[in-house]
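Heads up: the structure comes next, in structure tokens.
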Amino acid sequence: MKSILTKLVVLTFTLIVPKTIVFNETNQGFQGVAYYYSKSTMELGNWGARLSEEQKKQVAARLKNRLEKKYVLTFNKEESYFEEEDKLDAMSGATDSWGKNFTPGNQYKNLTTNTQIQNQEFYGKNFLVKDKLQPIEWKMGSESKQVGSYTCFKATASIPKSDLQWYNFSWDSVRNDENEDDEPIEMTEVEAWYTPQIPVGHGPSEYWGLPGLILEISADNTTVLCSKIVLNPKEKTEIEAPRKGEEITKSKYQETIKRKMQEFRNNRGGRRG
């Protein structure tokens with residue numbers, strides 16, 4: 001069965017009144033917290049065509065916590081920590097145990113050291129995925145728009161889909177490996193909106209490297225928008241990299257997932273025989 005595709009849903013948010021940040025010796029302890037929200041709807045393809053409207057509603061209800069998510073990005077000038085809000089709720093009820101093995105874990109980025117560290121759990125085993133930041137060749141645009149109360153500018157990029165979803169799994173990737181064909185690299189077109197009023201190179205998920213905080217990302221069939229920003233909160237959070245788990249690179253983690261899933265499939269086939 002083909003994986004379920006998601007579709008962009010345009011969201012509207014209100015941000016706090018902005019204040020342009022200028023970094024100097026007086027704000028060495030600068031910190032900010034950005035709250036993001038993503039929402040998607042399903043396209044069920046040929047399989048969905050066989051479902052009644054009531055069945056489609058039931059499927060949408062079961063997957064609601066997978067399609068609607070909230071995130072928090074805590075950042076300073078050099079570091080950031082990105083995590084999902086209410087992750088326990090997102091992993092219960094509407095999200096099955098299979099799906100939770102392929103969701104992104106908490107992510108730490110350090111722009112100075114070009115480092116990304118993310119904790120991932122795969123069938124009860126903890127991994128500490130440590131690698132370089134995702135290379136992104138941004139094309140700067142001249143378009144601007146308001147995202148809440150912030151003036152944002154557009155930037156675009158084309159990134160291999162497998163690089164953006166390295167923590168995920170699809171049977172197609174296994175089939176391509178088995179066929180050993182020279183399959184073309186599937187690219188994801190990314191549209192970002194960043195604000196120079198907060199001149200840090202951070203953003204949600206794998207995205208970074210623009211001359212301002214990324215407030216909106218549209219990639220493939222998903223969009224993520226910033227709903228609230230708090231600059232220099234009264235109670236600051238220490239930004240620390242995850243430490244638990246077996247240290248591994250992104251590519252080795254992908255190899256581990258594919259190998260384990262092939263083993264699961266082979267074992268299941270053996271039992272049927």
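Here are the numbers:
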quantity	calculated
Residue tally, condition modelled with pLDDT of 95 or more and surrounded by fewer than 17 Cβ atoms within 10 Å (Cβ to Cβ), over the range 92-132	6
Residues being at pLDDT below 95, crowded, with 18+ Cβ neighbours inside 10 Å and not small (Gly, Ala, Ser) - total across the range 226-249	1
Leading residue by the ranking (modelled with the lowest pLDDT) among those in the range 80-91 that are in contact with a strand residue (DSSP E or B) (Cβ under 8 Å, 6 or more places away or on another chain) and either surrounded by 13 or more Cβ atoms within 10 Å (Cβ to Cβ) or over 17 Å from Ser227 (Cβ atoms) (or both)	Ala90
Failed criterion for Asp163 (all others in (1) modelled with pLDDT under 95; (2) in a loop (DSSP other than H, G, I, E, B); (3) not hydroxyl-bearing (Ser, Thr, Tyr) hold)	(2)
Hits in the range 49-79 (condition: at pLDDT 70 or above, of a type outside the set (A, V, I, L, M, F, W, C) and assigned to a loop (DSSP other than H, G, I, E, B))	Ser52, Asn76, Lys77, Glu78
Residues within the range 129-158 that are under 15 Å from Thr195 (Cβ atoms) and assigned to a loop (DSSP other than H, G, I, E, B), tallied	3
Condition met for Gly201 (at pLDDT 95 or above and on the phi > 0 side of the Ramachandran plot)	no
Any strands (runs of 3 or more DSSP E) falling wholly within the range 176-263 and containing at least 2 residues that are over 27 Å from Tyr123 (Cα atoms)	187-195, 213-219, 222-231
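The values are calculated or read from the model by the stated rules, or taken from the named source; none is laboratory data. The structure presented is a predicted model; accordingly, all values stated were derived computationally and were not measured. Every residue, glycine as well, gets a Cβ built from its backbone with ideal geometry; the counts of neighbours run over all protein chains shown.
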